[in-house]
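Peer 1: Handing you this structure, nothing more for now.
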Amino acid sequence: MKYLFFSVNCYSVRVISVLFTYFFLLCPVLFAAGDSLSDSARTDQERTDPRMEAEIAFNTGRQYEDVSDYEKAGKYYNIAFKLYSEENNERGISKTLIRLGVLNDYWGNYSRALELYQKALLLAQKNKDYETIAAGYSNIGTIFDYWANYSLAMEYYQKALKLSEKYEYERLTAINYGNIGLIYEYWGNFDLALEYGIKALTINERLGRKNGMAINLGNLGKVYQKQGDYRRSLESFNKAVIIAEEIGNRENLASTLGSLGTVYEVMGENSIALDNYRRALKISEEINTPEWTIDNLRNIGRAYIKTEPVKAINFLNRALQLSEKVGRKLKTQEIYELLSEVHALQKNYKKAFEYHLRFSKLRESLFAQNNAKRISDLEASWAFSKKIEMQEREAREEAKRQEAIVNRRNSIQYTGIILFIGILFVTLSLTSKYIVSETILNYFVLVFFLILFEFVLLLFDPVFDGFTSGIPVYKLSLNILVAGGISVLNYYFEKILISRYRTTIARTGGV
């Protein structure tokens with residue numbers, strides 16, 4: 001009886017020891033969960049590390065970009081870029097390069113924008129940062145869009161959309177839907193333009209991205225206008241105006257008010273059109289955007305041509321002066337034509353002819369320049385596209401090479417571990433009856449199953465990560481199941497070996 005009690009007690013101690021050992025092996029998972037909770041509880045005052053400062057600078061830049069203050073946005077993006085570079089944070093560097101590229105796109109520095117996008121893509125592909133890769137593709141598409149290379153623009157938008165849908169980057173998915181809709185609008189396929197525009201709007205509404213909603217509504221309004229559906233066009237533009245006012249995006253507000261005015265002008269509602277043009281002009285002058293200011297001065301002048309030609313000439317001359325100052329030749333050409341029309345209505349045929357001659361000469365000059373520029377832009381877009389393709393191919397080949405090296409190393413190491421565990425198992429099975437005591441036998445069995453447990457966790461860790469999405473509580477649950485299974489094997493294997501050991505002791509007359 002004493003011996004039986006002693007055996008049960010020893011076995012209980014062993015079981016408890018095994019359970020405690022498994023528990024401490026699982027403690028890192030618990031600590032990881034605890035760290036994530038403690039991180040979220042830290043105060044802002046404690047978050048003074050350079051990486052957090054870089055994130056704050058980057059997010060501040062995004063806020064200024066959203067309200068069209070590109071100068072301040074650029075300032076904060078440059079601060080973020082410097083801090084990310086000091087920390088050698090390549091993901092941070094690549095996403096900041098994308099935003100700096102977008103600013104250069106706004107400013108019309110398209111070559112510089114492409115250069116920044118290319119640098120960002122190199123880093124993003126190296127780090128498998130698919131969100132930044134998708135953003136890079138989308139922004140490169142906008143450059144080709146500007147160059148009127150719509151097929152190549154569509155190709156990049158589709159590549160970006162494929163990634164954003166695969167990895168569920170909804171914000172980028174909405175942007176790409178909107179961009180694809182614009183391409184279909186340029187191609188005259190208004191049904192598909194509306195389909196993609198509505199998809200983009202639906203996602204932005206769900207995400208609460210009001211800036212995106214305003215842009216989508218403005219684009220839909222233009223499509224409806226081209227279809228002659230003025231009711232829906234006005235509805236879309238008015239919604240866009242309300243949102244732009246709410247979020248304080250004055251550039252978008254000025255643009256939308258101008259578009260709203262054109263619909264009313266086409267409908268013959270000149271007084272309402274003029275009200276919108278004046279509001280748009282006031283905003284564009286306040287935020288110092290010459291492009292919109294020229295457009296609004298021109299629109300007001302055009303609206304006055306038949307009713308108040310003197311006012312029309314005044315606004316058109318102001319538009320002409322600014323357009324010539326900033327070198328916007330296409331807009332200058334449009335204003336020459338309108339001035340020729342209004343002077344002809346006033347029977348001032350000399351002035352009308354003078355502006356008509358200027359219009360004709362500039363049109364011919366622009367036609368030649370546009371052809372040359374179009375050829376140059378097409379050559380540049382083709383060269384850049386080939387460069388990106390080569391870069392992507394090299395990145396894929398390098399990734400495959402690195403993957404092959406890692407797989408070969410892992411295969412060798414896993415094979416070695418399996419052989420070691422197998423040899424250990426066979427050795428323990430064959431020599432168990434020769435071990436001098438049960439305590440030593442229990443020790444070897446415990447060590448063997450601890451090694452087996454660690455190897456199983458190592459082998460299946462990627463599978464567990466994918467299955468649990470890395471959530472510590474779920475991962476802990478799976479590890480407990482594995483520990484339970486190993487415990488059962490431990491119990492039966494130890495039972496067999498102890499039985500053999502005792503049989504040997506009994507035959508040899510040992511105590």
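Peer 1: Give all pairs with beta carbons closer than 8 Å in which a residue from region 227-249 that is within 17 Å of A193 (Cβ to Cβ) meets a residue that is polar (S, T, N, Q) and surrounded by 19 or more Cβ atoms within 10 Å (Cβ to Cβ); count only pairs at least 6 apart in sequence or on separate chains.
Peer 2: S233/Q225; F237/T256; F237/S259; A240/N252; A240/T256
Peer 1: Could you check, for region 296-307, whether at least one of its residues is at pLDDT below 90 and in contact with a helix residue (DSSP H, G or I) (Cβ under 9 Å, 6 or more places away or on another chain)?
Peer 2: Checking region 296-307: at least one residue is at pLDDT below 90 and in contact with a helix residue (DSSP H, G or I) (Cβ under 9 Å, 6 or more places away or on another chain).
Peer 1: What single numbered condition from (1) modelled with pLDDT of 90 or more; (2) under 24 Å from R209 (Cβ atoms); (3) in contact with a helix residue (DSSP H, G or I) (Cβ under 6 Å, 6 or more places away or on another chain) fails to hold for E131?
Peer 2: (3) is the only condition that E131 fails.
Peer 1: Sticking with this one: Inside region 149-173, can you point out the residues that are of a type in the set (D, E) and closer than 15 Å to G136 by Cβ?
Peer 2: Correct list: E155 only.
Peer 1: Given (1) over 23 Å from E291 (Cβ atoms); (2) crowded, with 21+ Cβ neighbours inside 10 Å, where does G101 come up short, assuming only one miss?
Peer 2: (1)
Peer 1: Only one of (1) surrounded by fewer than 23 Cβ atoms within 10 Å (Cβ to Cβ); (2) at pLDDT 95 or above; (3) among the hydrophobic types (A, V, I, L, M, F, W, C) fails for I175. Which number is that?
Peer 2: Among (1) surrounded by fewer than 23 Cβ atoms within 10 Å (Cβ to Cβ); (2) at pLDDT 95 or above; (3) among the hydrophobic types (A, V, I, L, M, F, W, C), I175 violates only (1).
Peer 1: Among A148, A193, which is the only one that is modelled with pLDDT of 95 or more and hydrophobic (A, V, I, L, M, F, W, C)?
Peer 2: Answer to the check: A193.
Peer 1: So, in region 481-511, exactly how many residues are surrounded by 14 or more Cβ atoms within 10 Å (Cβ to Cβ), among the β-branched types (V, I, T) and modelled with pLDDT of 80 or more?
Peer 2: Residues in region 481-511 being surrounded by 14 or more Cβ atoms within 10 Å (Cβ to Cβ), among the β-branched types (V, I, T) and modelled with pLDDT of 80 or more: 2 in total.
Peer 1: All but one of (1) of a type outside the set (D, E); (2) modelled with pLDDT under 80; (3) touching a Leu at 6+ places or on another chain (Cβ under 7 Å) hold for L476, so report the exception by its number.
Peer 2: All conditions pass for L476, except number (2).
Peer 1: Moving to a separate point now. Counting just the residues of region 135-160 that are farther than 27 Å from Q225 by Cα and in contact with a Phe, Trp or Tyr (Cβ under 7 Å, 6 or more places away or on another chain), which one comes out surrounded by the most Cβ atoms within 10 Å (Cβ to Cβ)?
Peer 2: In this case the residue turns out to be G136.
The values are calculated or read from the model by the stated rules, or taken from the named source; none is laboratory data. What you are looking at is a predicted structure, and each value in this text was computed from that prediction instead of being measured. Backbone-built Cβ (ideal geometry, glycine too); neighbour counts: all protein chains shown.
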